[in-house]
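Colleague: Below is one structure. I have some questions about it.
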Amino acid sequence: MEEDDKVKNEALQIINLHQNLPRLVVFDLDHTFWPFYCECCYEDDEPYLYPQARGIFYALKDSGMNVAIASRSPTPDIAKKFLDKLGIQSMFVALEIFASQTHKTDHFQRIQRSTGVPFTSMLFFDDEDRNIQAVSKMGVTSILVGDGVNLGVLRHGLSEFSQMSGTQNHLAGASRIESPSGVESCMALKVE
């Protein structure tokens, strides 16, 4: 718990460096929020998050940002059970967990409808490039994570979001950015 508080405080410092913040931060689950695939688990297994995920999650909540889940898991009951066991399921404004062949575009359509948050006001973290590519085309600032959510990924994501939300000339399409830490992002820029 002490480590979670330390991470939370560091994450709050990172968040406070940015004037333009997303209204909604969306996480994938498998290999982004936790280091396993739900379909390889049983409901009675004990779930765990990546080491810095909980502290980051609480910092986002304390900063007034809403948080949602977009997961293509074929075992949504196990995923929801794990979120419940971790004591955080009720803290998400949207839980879109279902198998899909659409690379999460259906998930984001549902999240947008239920929250009313525009795609351009969302930040998304996922470990699969195909999801990053598809969702970024919707206007969501999307960050490809390599080894789960951590402070470096959060810093990079918020910087990319701030940069994108401050840009006046939005272009159609997506661009790929390589950060110094090796974390990639892909953002869709839409004409507004």
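The values are calculated or read from the model by the stated rules, or taken from the named source; none is laboratory data. Note that the structure is a prediction, hence the values are computed from the model and not measured. Note that we place each Cβ from the backbone using ideal geometry, even for glycine, and neighbour counts take in every protein chain shown. Heavy atoms of the whole protein, side chains included, go into the accessibility calculation; ligands, DNA and RNA do not. Shrake-Rupley method; radii C 1.70, N 1.55, O 1.52, S 1.80 Å.
Colleague: Taking the condition in contact (Cβ under 8 Å) with a residue 12 or more places away in the chain and either surrounded by fewer than 24 Cβ atoms within 10 Å (Cβ to Cβ) or in a loop (DSSP other than H, G, I, E, B) (or both), does V135 pass?
Modeller: Details: in contact (Cβ under 8 Å) with a residue 12 or more places away in the chain: yes; either surrounded by fewer than 24 Cβ atoms within 10 Å (Cβ to Cβ) or in a loop (DSSP other than H, G, I, E, B) (or both): no.
No: the conditions fail for V135.
Colleague: Now for a different question. Would you confirm whether or not segment 172-179 contains a residue that is acidic (D, E), part of a loop (DSSP other than H, G, I, E, B) and either modelled with pLDDT under 95 or open to solvent by less than 50 Å² (accessible area, probe 1.4 Å) (or both)? Can you show your working first?
Modeller: Initially, segment 172-179 is screened for residues acidic (D, E), giving 178.
Still in the list and also part of a loop (DSSP other than H, G, I, E, B): none.
No, because not a single residue in segment 172-179 is acidic (D, E), part of a loop (DSSP other than H, G, I, E, B) and either modelled with pLDDT under 95 or open to solvent by less than 50 Å² (accessible area, probe 1.4 Å) (or both).
Colleague: In segment 4-49, what residues are polar (S, T, N, Q) and open to solvent by 10 Å² or more (accessible area, probe 1.4 Å)? Please lay out each step first, then the result.
Modeller: The first filter runs over segment 4-49 and keeps only residues polar (S, T, N, Q), leaving 9, 13, 16, 19-20, 32.
Within segment 4-49, N9, Q13, N16, Q19, N20 qualify.
Colleague: Just checking, does segment 25-36 include any residue being among the charged types (D, E, K, R), assigned to a loop (DSSP other than H, G, I, E, B) and at pLDDT below 95?
Modeller: no
Colleague: For segment 99-112, how many residues meet the condition of being out of contact with any helix residue (DSSP H, G or I) (no Cβ under 8 Å at 6 or more places or on another chain) and open to solvent by less than 50 Å² (accessible area, probe 1.4 Å)?
Modeller: Residues flagged as out of contact with any helix residue (DSSP H, G or I) (no Cβ under 8 Å at 6 or more places or on another chain) and open to solvent by less than 50 Å² (accessible area, probe 1.4 Å) within segment 99-112 amount to 2.
Colleague: When residues of segment 72-106 are filtered for being over 26 Å from D45 (Cα atoms) and outside any loop (DSSP other than H, G, I, E, B), how many remain?
Modeller: Residues in segment 72-106 being over 26 Å from D45 (Cα atoms) and outside any loop (DSSP other than H, G, I, E, B): 2 in total.
Colleague: Could you please let me know if S121 is crowded, with 17+ Cβ neighbours inside 10 Å, in contact with a Phe, Trp or Tyr (Cβ under 6 Å, 6 or more places away or on another chain) and at pLDDT 95 or above? If you could, list the steps in order and put the result at the bottom.
Modeller: Values: crowded, with 17+ Cβ neighbours inside 10 Å: yes; in contact with a Phe, Trp or Tyr (Cβ under 6 Å, 6 or more places away or on another chain): no; at pLDDT 95 or above: yes.
Here the answer is no, as S121 does not meet what is asked.
Colleague: Something else about it: Among Q19, Q13, which is the only one that is assigned to a loop (DSSP other than H, G, I, E, B) and not basic (K, R)?
Modeller: On the way: Q13 fails: assigned to a loop (DSSP other than H, G, I, E, B).
Every option except Q19 fails the conditions.
Colleague: Out of curiosity, is G64 free of Cβ contacts under 8 Å to residues at least 24 places away in the same chain and either farther than 25 Å from V135 by Cβ or of a type in the set (D, E) (or both)? If you could, list the steps in order and put the result at the bottom.
Modeller: On the way: free of Cβ contacts under 8 Å to residues at least 24 places away in the same chain: yes; either farther than 25 Å from V135 by Cβ or of a type in the set (D, E) (or both): no.
In short, no.
Colleague: Check whether at least one residue in segment 82-98 is open to solvent by 20 Å² or more (accessible area, probe 1.4 Å), farther than 24 Å from G116 by Cβ and hydrophobic (A, V, I, L, M, F, W, C), and report yes or no.
Modeller: Scanning segment 82-98 turns up at least one residue that is open to solvent by 20 Å² or more (accessible area, probe 1.4 Å), farther than 24 Å from G116 by Cβ and hydrophobic (A, V, I, L, M, F, W, C).
Colleague: Here are the criteria: (1) among the acidic types (D, E); (2) farther than 18 Å from A68 by Cβ; (3) at pLDDT 95 or above. Tell me which single one D147 does not satisfy.
Modeller: (3)
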